[in-house]
Each structure stands twice: as structure tokens, then as C-alpha cells.
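Shown next, in C-alpha cells, is the structure this report addresses.
The values are calculated or read from the model by the stated rules, or taken from the named source; none is laboratory data. Fair warning: this is a prediction, and the values are worked out from it, not measured in the lab. Using ideal geometry, Cβ is built from the backbone for each residue, glycine included, and neighbour counts are taken over all protein chains shown.
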Amino acid sequence: MSPAATVIMTPENRFGSSVVSSLTPSHTNMMSEPNGAGSTVDTDLNTAWAQIVESVTNRGRNGESQVITVDLSEGESVQDFSTRLRMLLLFMNRDSGSVSVTVSPSFRSDTYPAMLALVKGFHSSGATEYWRPDGPRSIRMGNAKHLFVSVDMPVADHSPLPDTLIEIVAAHRVNSGWYDQRVSPRVSSIGMTTVMFGVPNSPGSEYANSIFKRERTKNLLGRPVGIHFSRQLNWSATTAV
């Protein structure tokens, strides 16, 4: 098992210098709390945040795709984290253009709250005039676009293919077969960052057949383009068990 496949987050870690240097004050505003509190991303997820942003930022330089898996605790939500991430990516790519997508199991429980949080985030950050709806489940800022996909209620449209980021929320409840059939064929194979948030070792067949279990296992086994972030391990650990 390769240590390079696993990144252990420490509470003291902040944004890596390479990421900080690429963010302007306006970018920093995009990372504020959706409710206007102005705090940065959740402390425990700082390293994952930095890695995701750096991976997306560098996609045009090396052309490599990367799969990032993040362990969560049962009942833990990453909605605030994800809202800030979507806002930042839309703002950063508003001139150059990009297509990112969030995939989640349930429209009612996951997708609609995520869309509402993103809209509220833009309003509270003072970016009301810069975004607009673009289709039934997509938001556009300039040339950048973010799509929302629900497993239980897919939308048939002619949206452009994702080329920047695929975020899978509650990935332990997303069937790998469904993902391979409905999402993978529409995804760019060059320079794509895929991040999956899930609860490891969830009981039942749902987790056993999930995209999260499959991709998490590949990362832990040392996939060259994979990085795994674990909140379940001791902070001082250097390899996954």
C-alpha cells in the first residue's frame, strides 16, 4: 500500500502556498461563509480544499486527471464546503470557461438544498448580478457553468460535457454501475478532477456496490492519479490501514 496514495489531514494545515499565491482578494471573498460570516473552509477539510483547487487550477498545464476520495463521518455534511468550492470555481473560470458538475443521490435531500445554498451564497457575497440560471439545474457565471445531477431524478438535456470538476456528494450511496453508465461517458478524459465525499464501511449493499468504495479502494492501493483524505485515522498516521 503506497503512502503516496493517502494524505492525512492535520488541523494545523492551512492553504498550501502554491494555492494561496494564485488567489486574489476577490477569490478570497468567494470562500466566505454563505451566510456572510466570513470564515474560511472547515478546518479539518483545509488540505482537501487546497488539493482540489490546485488540481483544477493546474488541469491545463499537465493534462492529468485526478481522483480524490474523502472519508466523512456518518451524518456529516459538506454542504458549506461544497458551496464555497462551487462559488470559487465559477468565479475563477468566469472568463476562460469551464463546466463542473455535482452528482448526488437524491434531488429532494441533496440536489435542491445544494442549489439553494449556492444561490444564497452568491447573494450574501455580493455577487448577485454575476450569476444566472442556465437550464433546469445549472448555474452560469460568465463563461463558467455548474450542473447538478440527481441519481433519482435525472434531467435529459443537451448540457455541455463536464471538463473541470465532478463532485460526488454522498458517494457511498451512488451505485458504481449507474455512474459508469450515466456519468462516465459524458466526462472529459483529460484534465478532469473528480472528488468523492462518502462514509466508509457503511452497512448494507448500498456501500458495497458504490462508486465511493470502488474508487476509495483504488486510491488506497496506490493509484498514481489518486489521493485519499481520511478523517478516521490518527492525525500522525502516514499510511492508510
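I'm checking my understanding of the structure. Among residues of the range 195-217 that are in contact with a Phe, Trp or Tyr (Cβ under 6 Å, 6 or more places away or on another chain) and among the hydrophobic types (A, V, I, L, M, F, W, C), which one is nearest to Ser55 (Cα to Cα)? The extreme case among them is Met196.
Screening Met153 on (1) surrounded by 13 or more Cβ atoms within 10 Å (Cβ to Cβ); (2) closer than 24 Å to Gly198 by Cα; (3) not basic (Lys, Arg) shows it passes everything except condition (1).
Residue by residue, here is whether (1) touching a strand residue (DSSP E or B) at 6+ places or on another chain (Cβ under 8 Å); (2) part of a strand (DSSP E or B); (3) crowded, with 17+ Cβ neighbours inside 10 Å holds:
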position	(1), (2), (3)
Val70	yes, yes, yes
Ser73	no, no, no
Glu76	no, no, no
Asp80	no, no, yes
Ser100	yes, yes, yes
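Just one of the numbered conditions (1) more than 20 Å from Met192 (Cα to Cα); (2) out of contact with any helix residue (DSSP H, G or I) (no Cβ under 7 Å at 6 or more places or on another chain); (3) at pLDDT below 85 is not true of Trp131: (2).
For the range 113-145, which positions are surrounded by 14 or more Cβ atoms within 10 Å (Cβ to Cβ) and assigned to a loop (DSSP other than H, G, I, E, B)?
Listed by number, the residues that qualify are Ser125, Ala127, Asp134, Gly135, Arg137, Gly142.
Among the residues of the range 57-73, at least one is in contact with a Gly (Cβ under 8 Å, 6 or more places away or on another chain), among the β-branched types (Val, Ile, Thr) and farther than 22 Å from Ile190 by Cβ. Residues in the range 86-97 that are crowded, with 22+ Cβ neighbours inside 10 Å and either touching a strand residue (DSSP E or B) at 6+ places or on another chain (Cβ under 7 Å) or not in a helix (DSSP H, G or I) (or both): 5 in all. Counting only helices (runs of 4 or more DSSP H) that sit completely within the range 165-241, those holding 3 or more residues that are touching a strand residue (DSSP E or B) at 6+ places or on another chain (Cβ under 7 Å), surrounded by 13 or more Cβ atoms within 10 Å (Cβ to Cβ) and modelled with pLDDT of 90 or more correspond to 211-220. Within the range 146-156, being closer than 14 Å to Val101 by Cα and part of a loop (DSSP other than H, G, I, E, B) holds for Val151, Pro154, Val155.
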